[in-house]
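Everything on this sheet refers to the single structure shown next.
The values are calculated or read from the model by the stated rules, or taken from the named source; none is laboratory data. Everything numeric in this text was worked out from a predicted model, so none of it was measured. In this analysis, Cβ positions are derived from the backbone assuming ideal geometry, glycine residues included, and neighbour counts consider all displayed protein chains.
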Amino acid sequence: MDPPPSKAIRLLQLGRADELVGSDGIWMCASCLVCGTRCPRGVDYARIAEACRALVLRSKLSKVDPDTVTPPELEEIPQQAFIAAFRKSSV
Ligand code: SF4
């Protein structure tokens, strides 16, 4: 697995999350939770890898761009619909 969980956490500490999100390692994690149960610092790497995978997958589905919404649309469409669309269909 590259990067392994310890190196992945270090990348996050250094603000290099893009490297982790773009790595193969997040796809290798089987979410078995072994590293999390053994981690002396209580880091739940399986959830971190899952979040990174969600970022990658959602970025491919990004269909709603808040900058393209026109003022008439803002007045016409219920705000809850916008919020739901942004949550589900954008990064
Ligand atoms: S959760 Fe399991 S598969 Fe994922 S990094 Fe930890 S030990 Fe490896």
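State whether the residues of region 78-87 include one that is among the aromatic types (Phe, Trp, Tyr) and at pLDDT 90 or above. No, the conditions are met nowhere in region 78-87.
Table: residues versus (1) surrounded by 12 or more Cβ atoms within 10 Å (Cβ to Cβ); (2) out of contact with any Asp or Glu (no Cβ under 7 Å at 6 or more places or on another chain); (3) not assigned by TED's automatic domain parsing to the domain that holds residue 87.
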| residue | (1), (2), (3) |
| --- | --- |
| 4 | yes, yes, yes |
| 21 | yes, yes, yes |
| 40 | no, yes, yes |
| 44 | yes, yes, yes |
| 48 | yes, yes, yes |
| 66 | no, yes, no |
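Criterion applied to 12, 57 was being surrounded by 12 or more Cβ atoms within 10 Å (Cβ to Cβ) and closer than 30 Å to residue 83 by Cα, and the one residue passing it is 12. Picking from residues in region 24-55 that are more than 22 Å from residue 88 (Cα to Cα) and away from the ligand (no atom under 12 Å from the Cβ), the one that is nearest to the chain's Cα centre (by Cα) is 24.
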